[in-house]
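Remarks on the structure that follows.
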2 protein chains.
Amino acid sequence: MSIDSVLERVDRETGASLEQLKEYLRIPSVSTDPAYAGEIRRCAGFVRERLETAGLEAEIIETAGHPLVYGEWLGAPGRPTVLFYGHYDVQPVDPLDEWRNDPFEPTIETGERGDQIVARGATDDKGQSFTHIKAVEALMAETGSLPVNVKFLVEGEEECGGEAIEAYVRSPAAERLACDLALVSDTSMYGPGQPSVLYGLKGLLYTEVRVRGAARDLHSGTFGGAVANPLNALGTMLAALRDPEDGRILIPGFYDDVQPLGVGERAAFAALPFDETKYGDEIGATALWGEAGYTTLERVWARPTCDVNGMWGGYQGPGAKTVIANHAGAKVSMRLVPDQEPERLFRAFAEYMRSMAPPGIDVEVENLNGAPPVLVDLQGPLVDAALEGIREAWGREPVRVREGGSIPIVSTLSEVLGAPVLLVGFGLSDDRLHAPNEKMDLANFYQGIRTVVRVLDRLGGCAVDGFSPGA
Amino acid sequence: MSIDSVLERVDRETGASLEQLKEYLRIPSVSTDPAYAGEIRRCAGFVRERLETAGLEAEIIETAGHPLVYGEWLGAPGRPTVLFYGHYDVQPVDPLDEWRNDPFEPTIETGERGDQIVARGATDDKGQSFTHIKAVEALMAETGSLPVNVKFLVEGEEECGGEAIEAYVRSPAAERLACDLALVSDTSMYGPGQPSVLYGLKGLLYTEVRVRGAARDLHSGTFGGAVANPLNALGTMLAALRDPEDGRILIPGFYDDVQPLGVGERAAFAALPFDETKYGDEIGATALWGEAGYTTLERVWARPTCDVNGMWGGYQGPGAKTVIANHAGAKVSMRLVPDQEPERLFRAFAEYMRSMAPPGIDVEVENLNGAPPVLVDLQGPLVDAALEGIREAWGREPVRVREGGSIPIVSTLSEVLGAPVLLVGFGLSDDRLHAPNEKMDLANFYQGIRTVVRVLDRLGGCAVDGFSPGA
């Protein structure tokens, strides 16, 4: 096999790859909102078709939630087996009026580094994970086979808890997922042109707090002063999450299981180029702020955080309505670091919130989803081979980084497969993921395909000690 | 003139009066939302027509905001002149899904005290102020004239600040409003069957607080910990409004100008029948709560309060969205007592809110509307005559009460007219004003008409010292 001819094919076919990505992005596969269930299913079908076109055997796996898509090609006995993970679901699009175009009608715009594709899911994760399929397709089309065995597992619930894949990976049926190495592209590079391998992801605890007062809304003149107001009470509860001075999280016991940052790791973080002013400018923040005693990189990568993601209650329209609403609510999430446990922290959080309920106010706290934090062990000949492929693709040494985001399935895969999970992202920090006008640089989309081609090529040169689990 | 024949006519014509009230309630005259401007105008036209049908000269007065409706009949020279005030606008209807029926399709239901009419504006203030028009109409139809001169001023901005009427009453054109006594029905009775005259209304300061962070929404994983979150910041600000333990308002200087409650007034409040359990049950509150050191009546009638009337920010849909929204907001209102000044308190409030902005967060505070508190002086022969009419109508001594609500125009009328403003309400505390399923007991609607007939009859027996301003 000639790697050059495969890469030439990738370059020759960028136009078709882009059109296929657009088609993928046009499907509004919002997983968190039941109204989109039909689109989720249509999207799973699209992924299955693309896998089949690439030359794999593919199928839809039904679950209690949104379907999984599985694909495999096992024609390289004695060679390693690589499992690709991705997700075909996307975040909701609100606030819709802040999008320049329809979020599900991909638009090519010219950004500061060239063309970019703007749509919900452009980078998270359709654009990124589609590079896996396109790389395999190019290898297969050019050479008639693949240098390694490959498996794909693409889920539809990454943005809403990932319960279906979690259950599947822990079920007996998941024996078929056995592999020597897993590859995930759902993260950002450390900077433009800087290939990056991620070894730490935060965990997540995402909750909803609901506060109820009287049986009905009350006139704030007639009844003001007589009863506790659910909105005031919710304000008190949200204020009690973090110390407004030093940014510390005030949930009792929250820091008990936090692994302190080691001196070596702090030094490694500090050695990375990081421009606070540029970072702030990129997101339009006039100042950065966070937990006292830590740098911005430390706060984002390695210290737990707590954010209010949504809040609501009472009158939100124009003008004045003098009402004491009888209910209010908020979404509150925490990002966790080793060795914090989502379940244990949920109990502490719920108890803390309930302890603040004033007389006459009922507080309910729901655990919407959670994921444990992950630290990946980047060791062994297969990891080295993959890193070499990345180095070749970008002409530059990949940096080892951590991330503030969570990919719930990564820790499960890592635990169940007993194989290293390589997190190689092709996104950038200005991709506006989860926000209006989400985008992916087209150069990164194409370079992502090339990177996966080179990684598979390098892995194909590895001997598998004894039995390869996939072959 | 025979008062009995007029009252018989009122009783004979309750069916027609009810149909006309329904027609009035069907007009969705929501003043705070610009989308209803056309309905507001239609509603003003309805009031004008009803005044003309009653036998008055009536007209629409254009303003910078919603129109005023003015009507007069000045055929009783040497007799007193009575000014009726009311408002034809209503509160918004959300949450719409908590209404049993369309809020603008009045429905007759059977309540615990008999039939009630359920619709937005049933009691606040269409139902109550329509009693004025129907009383005048009955007197005119039965006797061909009125015992006193009457003027009507009905506004369309009571629920959204009342700027138009405020400007009008303070303009030279308002000379025509000169009167010996003003009558307002926009309040609640102390209890069913207990006629009540209100001598104290709270003032109002209604604000909107808007908090802004980064230029765009951010992924709460990728950026969590790096920047202050506008929603967390708003929580901190809302929590700082009141002490969660003793309920005191923490805005600096808030209590500086508060007139302490006198021993005599506290004793008078304590002498009124008041059942805390029943009060709580009526609104479905499992506990009452408020400023330490005061009874519920004192808190509601005579102590200033501060309530969050609305709050919003970030993701409010089902499931989880891991976002740091770039803006959030809240409606915050304060009810004021003598001698608190809305303008002065607004400045203190805005400064207090801004002082809590963390780095990178911009805070804007807007004064949506305000009204000074009022204490009415219930003195003089005309007041005595009116009270006698009320006593006759209900067969019971009216009690003198205060209220937690605000009627912005009352203090202005009181100041500009130099005449006593009599606040005689026909509502009840369970009327759900400003809330879903607002209602008015039909018995109170009809009894209100009878009360106004008797009050006008009694006032007609008064000599006006020297020149009556209206004649």
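Each reported figure results from applying straightforward, stated rules to the coordinates on display, with no laboratory input. Keep in mind the model is a prediction, meaning the values are calculated, not measured. Here the Cβ is made from the backbone with ideal geometry for all residues, glycine too, and neighbour counts use every protein chain on show.
Summary of values
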| item | result |
| --- | --- |
| Inter-copy label distances at B:GLN259 (7 Å, Cα→Cβ; nm, one decimal) | 6.8 |
| Projected label distance in nm at B:ILE60 and A:ILE61, using a 7 Å step from Cα toward the beta-carbon | 6.8 |
| The stretch A:81-218, relative contact order in percent, only Cα pairs under 8 angstrom and at least six apart counted | 36 |
| Gain on full stretching of the segment that runs from A:GLN259 to A:ARG396 - 0.36 nm per residue minus C-alpha separation | 46.2 nm |
| Size of charge dipole - the stretch B:312-471 - debye, nearest 20, with Cβ of Lys, Arg +1 and Asp, Glu -1, no other charges | 460 |
| Relative contact order (percent, whole number), the stretch B:281-409, Cα cutoff 8 Å, 6+ residue spacing | 23 |
| Computed log₁₀ I(q)/I(0) - Debye formula, equal Cα scatterers, no solvent, the stretch A:48-197, q 0.10, 0.11, 0.20 Å⁻¹ | -0.41, -0.50, -1.34 |
| Residue order, fewest to most surrounding Cβ atoms within 10 angstrom, among B:ARG9, A:ARG396, B:ARG450 | A:ARG396, B:ARG9, B:ARG450 |
| Equivalent ellipsoid, the stretch A:1-60 (semi-axes from 5 times Cα gyration tensor eigenvalues, Å) | 29, 14, 7 |
| Relative contact order (percent, whole number), chain A, Cα cutoff 8 Å, 6+ residue spacing | 27 |
| Rounded if a/c under 1.5, otherwise prolate or oblate - the stretch A:175-317, Cα gyration tensor axes | prolate |
| Residues of type aspartates and glutamates that A:LYS278 reaches as a straight line, Cα spacing below 16 Å, ignoring anything fewer than 8 places off in the same chain | A:GLU112, A:ASP430, A:ASP431 |
| Global geometry of the stretch A:367-445, whether rounded, prolate or oblate, following the gyration tensor of its Cα atoms and the 1.5 cut on a/c | oblate |
| For the axis carrying chain A to chain B: nearest C-beta residue of A, whole Å | A:ALA239, 2 |
| Helix A:230-239 vs. chain A, principal-axis angle (Cα, 0 to 90°, nearest 10) | 60 |
| Amide hydrogen neighbours beyond the local backbone of A:VAL258, cut-off 5 Å, H modeled | A:ASP339 |
| Pseudo-label separations to other copies for A:GLU8 - Cα-to-Cβ vector, 7 Å, nm | 11.2 |
| Cα-based reach from B:LYS331 at 25 Å (exclusive), listing lysines while leaving out same-chain residues under 8 positions away | A:LYS321, A:LYS331, B:LYS202, B:LYS321 |
| Karplus-derived 3J(HN,Hα), 6.51/-1.76/1.60, for each residue of the stretch B:242-259, Hz, glycine and proline x | 9, 6, x, 8, 9, x, 5, 7, 9, 5, x, x, 4, 8, 3, 9, 6, 5 |
| 37 °C / 0.692 mPa s Stokes-Einstein diffusion coefficient of chain A, Kirkwood radius on C-alpha pairs, µm²/s | 139 |
| Residue-averaged 222 nm ellipticity for chain A, from DSSP H runs of 4+ at -39500 (n - 2.57), nearest 500 | -10500 deg cm²/dmol |
| Partner chain coverage, peptide A:329-338 - average Cβ within 10 angstrom | 4 |
| Long-range tail of P(r) for the protein assembly as shown (Cα pairs > 45 Å, %) | 42 |
| For the stretch A:64-78, 3J(HN,Hα) per residue [Karplus equation, 6.51 cos²θ - 1.76 cosθ + 1.60, θ = phi - 60°, Hz, x = Gly/Pro] | 6, x, 7, x, 9, 10, 10, x, 7, 9, 10, x, 10, x, x |
| Label distances, nm, B:GLU276 versus same residue in remaining copies, Cβ-directed 7 Å point | 5.2 |
| Extension reserve of the A:ARG9-A:ALA268 stretch, reckoned as 0.36 nm per residue once the Cα distance is removed | 89.4 nm |
